[in-house]
Amino acid sequence: MTVSDLAGAEWRKSSRSGAGNDCVELVVGRSGAAVRDSKNAEFGHLAFADIEWDAFVGAVKGDLLSAN
């Protein structure tokens, strides 16, 4: 994910964010994804290339499935 991918991007809150405003925001671009803390957006974001994002999501989904 490049800085140009984030220009004008619409960040969205995670569906798993809690009611106490402890939210993670996400944007998916042409070349990856980025996440940030909604309370501290000015502190920046973590960016992932496509392959990294796919691996991360796959790992999380695997852990969620095995926990149930």
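With respect to Gly32, is the statement that it is within 12 Å of the chain's Cα centre (by Cα) and either among the aromatic types (Phe, Trp, Tyr) or modelled with pLDDT of 80 or more (or both) true? Full working, then the answer.
Details: within 12 Å of the chain's Cα centre (by Cα): yes; either among the aromatic types (Phe, Trp, Tyr) or modelled with pLDDT of 80 or more (or both): yes.
Yes.
Which of the following residues is under 17 Å from Val60 (Cβ atoms), at pLDDT 70 or above and charged (D, E, K, R): Lys13, Lys39? Let's see the steps before the verdict.
Values: Lys39 fails: under 17 Å from Val60 (Cβ atoms).
Going through Lys13, Lys39 in turn, just one is under 17 Å from Val60 (Cβ atoms), at pLDDT 70 or above and charged (D, E, K, R): Lys13.
The values are calculated or read from the model by the stated rules, or taken from the named source; none is laboratory data. This one's a predicted model, so the numbers in the text were calculated from it and none came from an experiment. Because the Cβ atoms are built from the backbone with ideal geometry, glycine has one as well, and the counts that use them run over all protein chains shown.
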